[in-house]
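Here's the structure we're looking at; comments come further down.
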Amino acid sequence: MNAVLEMRSVRAAYDAITVLHGIDLSVAPGRVVALLGPNGAGKTTTLRVAAGVHPVSSGRLLLGGRDATGVAPRDLARAGVCLIPEGRGVFPNMSVRDNLWMMTFTGRPRAEVEEIAFSRFPILAQRVSQTAGTLSGGEQQMLALARGLATDPAVLLLDELSMGLAPMIVAQLYDHVSEIARSGVGVLVVEQFADAVLDFADHAAVLVRGRIQKQGHPEDLRTELASLYLGSA
Ligand code: ATP
């Protein structure tokens, strides 16, 4: 089966400074791929490249086996690429309801957007009138995921979902992410601190200074990550 998202020898730069030095990554439908690495490794840039919001300097980006290098972000979004950026992709001053209703730009009626959100995250139904910024961190991430699901994604790009959240909440969120993947969505998730996501990922890659140092089964990367973080401490 074609990977829903594939990067082949992708390089990317900020002005003259190359920060991704040839990334090879593949995300199959229904699978969770974790990209892990220390501060400044290039994880966020990798997601930005995948969403088309940062240009590829060389190499190829493929969607469903077709070349998507240089395709505009809105066209990639239409083709099913959904980026949930670091720091929760919600509008904090708007209500939960309005955050969801905004997603009617996809052509889905309000009731359908709500159905998608509330069937997976029933807690959001109890919070509809609440301002999104007053939700707990975990609930905000649920709202961000619900908004993403309303776009009917083929691939979800998640940046540091666990940021600032207690381990138990992170585990609950990743349970949801696994279920979303099982419904056929490919997931590429970026995390700096690894342990939680390795329990849920099907495949993992370690990124260091813009290069994938190792990739494979999450269990096989635990030692690599431990020495990396101990080494950089
Ligand atoms: P973090 O977890 O700290 O966000 P990261 O692994 O996501 O790190 P990136 O944010 O992708 O890493 O950054 C990779 C490199 O690119 C870093 O050296 C960073 O300083 C640099 N960089 C990121 N954004 C910009 C920018 N807008 N302009 C110039 N350099 C940038």
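The values are calculated or read from the model by the stated rules, or taken from the named source; none is laboratory data. Just so it is clear, the model here is predicted, and its values are computed rather than measured. Positions of Cβ are generated from backbone atoms using ideal geometry, with glycine treated the same way; all protein chains shown enter the neighbour counts. Note: accessible area is taken over every heavy atom of the protein model, side chains too, but ligands, DNA and RNA are not part of it. Shrake-Rupley method; radii C 1.70, N 1.55, O 1.52, S 1.80 Å.
For the residues ALA144, ALA171, ALA125, the requirement of being under 19 Å from MET103 (Cβ atoms) and either open to solvent by less than 40 Å² (accessible area, probe 1.4 Å) or in contact (Cβ under 8 Å) with a residue 24 or more places away in the chain (or both) singles out ALA144. Considering GLU160, GLU139, the condition of being open to solvent by less than 50 Å² (accessible area, probe 1.4 Å), in contact (Cβ under 8 Å) with a residue 12 or more places away in the chain and within 16 Å of the ligand (Cβ to nearest atom) is satisfied by GLU160 alone. Just so you know, in region 72-92 the residues that are more than 15 Å from GLN141 (Cα to Cα) and part of a loop (DSSP other than H, G, I, E, B) include one that is most open to solvent (accessible area, probe 1.4 Å), and it is ALA79. Please verify whether region 176-187 includes one or more residues that are surrounded by 21 or more Cβ atoms within 10 Å (Cβ to Cβ) and in a strand (DSSP E or B). Yes - at least one qualifying residue is present in region 176-187. Pairs linking a residue in region 22-46 that is within 18 Å of SER162 (Cα to Cα) and open to solvent by 10 Å² or more (accessible area, probe 1.4 Å) to a residue that is within 16 Å of the ligand (Cβ to nearest atom) and in a helix (DSSP H, G or I), with Cβ atoms under 7 Å and 6 or more positions apart or on different chains, are PRO38/LEU228; PRO38/SER232. When you scan region 51-61, do you find a residue that is of a type in the set (A, V, I, L, M, F, W, C), closer than 14 Å to LEU156 by Cα and modelled with pLDDT of 95 or more, even just one? Yes, there is a match, as at least one residue in region 51-61 is of a type in the set (A, V, I, L, M, F, W, C), closer than 14 Å to LEU156 by Cα and modelled with pLDDT of 95 or more.
Which residue pairs have Cβ atoms closer than 7 Å, lie 6 or more positions apart in sequence or on different chains, and pair a first residue in region 184-199 that is without any contact (Cβ under 8 Å) to a residue 60 or more places away in the chain with a second residue that is open to solvent by 30 Å² or more (accessible area, probe 1.4 Å)? Every condition considered, the pairs that remain are ALA196/PRO167; ALA196/ALA171. A single entry from ASP202, ASP195, ASP175, ASP220 fulfils the requirement of being touching a Gly at 6+ places or on another chain (Cβ under 9 Å) and either more than 16 Å from the ligand (Cβ to nearest atom) or within 27 Å of VAL10 (Cα to Cα) (or both): ASP202.
Remark: ARG48 matches the filter, which requires a residue to be of a type in the set (D, E, K, R), over 13 Å from ARG211 (Cβ atoms) and either part of a loop (DSSP other than H, G, I, E, B) or modelled with pLDDT of 95 or more (or both). Taking the criterion of being open to solvent by less than 10 Å² (accessible area, probe 1.4 Å) and either within 16 Å of the ligand (Cβ to nearest atom) or part of a loop (DSSP other than H, G, I, E, B) (or both), the residues of region 147-157 that qualify are ALA150, LEU157.
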